[in-house]
Structure formats: structure tokens, C-alpha cells
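Notes to accompany the following structure.
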Amino acid sequence: MGRDLRVVLVAAVLLAIGLFGVAAGAQGQAPPTNRGATQGRADPKMVERGAYLARIAGCGDCHTPMKMDPALGVLAPDMSRAFSGHPQGGAKPGGKLGEKDVGLIGPTFTSFQLPFGTVYAANLTPHETGIGNWTEQQFVQAMRTGMHLGDPKARPILPPMPWQNLMGATDQDLKAIFAYFKSLPPIANAVPQPEVQPAVYEQLTRAYAKMREQAPTGMDANMKKRAMEPQQKKQGPPKPR
């Protein structure tokens with residue numbers, strides 16, 4: 001892969017920082033939890049902690065579709081579809097990237113045209129089209145490693161998802177975020193697959209391996225060991241999912 005593509009990959013990762021905080025504070029009211037789905041399984045305090053972490057981390061900024069709010073006169077999160085990702089059949093970014101552009105954002109702020117392809121925000125609700133079939137360990141390992149489902153043979157999690165910001169989080173905090181997502185009302189929404197070439201997956205997989213070698217501040221030895229697990233295993237080519 002040429003130098004230009006490596007540069008835009010780095011730029012796309014940096015774009016995540018801006019996207020992550022653009023709508024900070026815009027969400028105000030958190031979506032209702034699906035108490036029936038978590039009753040007897042998740043500690044309410046853990047769910048509450050996860051809701052707080054998801055809010056200050058800005059998870060909904062990309063995973064909750066935006067719509068025009070007539071009362072405010074600006075785009076605002078559509079809380080009826082909270083954390084459901086890019087709407088199935090929804091419009092993706094139009095237009096053409098300029099020579100120095102790092103991305104275009106779609107009308108619901110859930111799709112992103114980057115120099116290497118178009119990616120879509122995932123459905124984080126507990127429906128089977130979202131994370132309904134994910135395990136807690138898969139979620140934790142995905143955030144530790146940047147690999148889909150935490151599987152070293154799966155595809156890398158794509159920018160602008162800033163998984164690197166969560167890599168150094170404690171197991172307790174990652175489990176709390178997962179418990180919160182599992183408590184949400186399930187929303188049926190099959191998000192489109194990324195429109196990305198295999199070479200990009202391979203480049204990102206190599207880049208993420210290097211990122212995991214540098215433990216972030218506050219990441220203890222055990223966390224780093226778990227993050228390094230994928231590159232300590234025998235890997236085949238990343239498989240898209």
C-alpha cells in the first residue's frame with residue numbers, strides 16, 4: 001500500500017477524535033432502558049454506570065441517527081432510534097471528497113465517506129441485527145484489540161470508531177458500557193456492510209497491532225496482555241463481517 005493511502009488512514013483515525021465530541025451535550029436525555037430484558041441479570045448500578053460512561057464518551061454521537069429538530073432549528077439526536085446505528089436504506093454521503101478532505105458525513109451523521117471507502121455506524125442495541133448475539137467478553141476484547149467481536153481473524157473495527165480511546169478502560173467500565181447497551185430497547189436495523197477494499201483491512205490490522213504494543217497511560221500489565229493476545233495467536237487474513 002502506497003504512502004498516500006497510509007497517510008489517509010492515519011488522518012481517518014484522527015478524524016475520530018473530532019467526530020467523537022462534535023455533538024457532546026446535544027443528547028441531554030438518555031434513552032429509556034429495557035428493564036425487562038436485564039431484570040435479574042444486570043446490576044442496576046452497573047447499567048447506570050454504563051449509561052454515564054456511554055454519555056460522556058459520546059457513543060451516541062455517531063451511533064444515534066440525527067434529524068432536524070424544528071423546535072431547535074438544528075440537527076439533534078433521534079432518541080426514538082437511540083444507538084441503532086445507520087438506518088437501513090438510509091442515505092449515505094453525497095458529493096466528492098476534495099484533494100485535502102478526510103471525509104464526508106451523511107445526512108444522519110451515521111455514515112462516513114473516507115478516502116478508503118464508506119463506513120456505517122453499527123447498531124448497538126440488543127437486537128439480533130445489533131449486538132444481541134454478542135457476549136460480554138467479545139465486547140471487552142473488541143475494545144481492547146480493535147478487532148470485530150474481539151476475534152483476531154475478523155476484520156478490524158473501522159474509523160471513525162475511536163476504539164483506541166477505550167483500549168485502556170478497566171474491565172469493569174467496559175462491562176458496564178456493555179450492560180447499558182444490553183439494557184436498551186432492541187431496534188431491528190440491519191446496518192449496511194462497510195464498502196472497503198480488503199487491502200484496507202490488512203493495512204489497519206497491521207497498524208492496530210502496532211498500536212497495541214504501546215500501552216496507553218493507566219493501562220496495567222494485565223490489560224496490555226489481553227490487548228496483545230490477537231498478535232500472539234496465529235492469524236490468517238482478516239475476514240470481513
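Of note:
- Rounded to the nearest 0.05, the FRET efficiency derived from the C-beta distance between residue 151 and residue 190 at R0 = 25 Å is 0.80.
- One decimal place: the segment residue 213-residue 171 gains 13.2 nm when fully extended, by the rule 0.36 nm per residue minus the C-alpha distance.
- Between residue 133 and residue 78, the contour length at 0.36 nm per residue exceeds the alpha carbon distance by 17.3 nm.
- Restricting region 99-169 to GluC sites (Glu not before Pro) that sit in a DSSP loop and have at most 16 other Cβ atoms within 10 Å of their own Cβ leaves 99, 128.
- log₁₀ of I(q)/I(0) at q = 0.10, 0.16, 0.24 Å⁻¹ - region 71-174, Debye sum with one point per alpha carbon: -0.35, -0.85, -1.34
- Gain on full stretching of the segment that runs from residue 43 to residue 69 - 0.36 nm per residue minus C-alpha separation: 5.9 nm
- For the residue pairs 92/153; 100/153; 67/182; 67/210; 92/182, the C-alpha atoms sit more than 30 angstrom apart in 100/153; 67/210.
- Accessible surface area normalised per residue over region 147-205 is 35 Å², counting heavy atoms of protein chains with a 1.4 Å rolling probe.
The values are calculated or read from the model by the stated rules, or taken from the named source; none is laboratory data. What you are looking at is a predicted structure, and each value in this text was computed from that prediction instead of being measured. Note that each Cβ is placed from the backbone with ideal geometry, even for glycine, and that neighbours are counted across all protein chains shown. Surface areas here come from the heavy atoms of the whole protein model, side chains and all, with no ligands, DNA or RNA. Shrake-Rupley method; radii C 1.70, N 1.55, O 1.52, S 1.80 Å.
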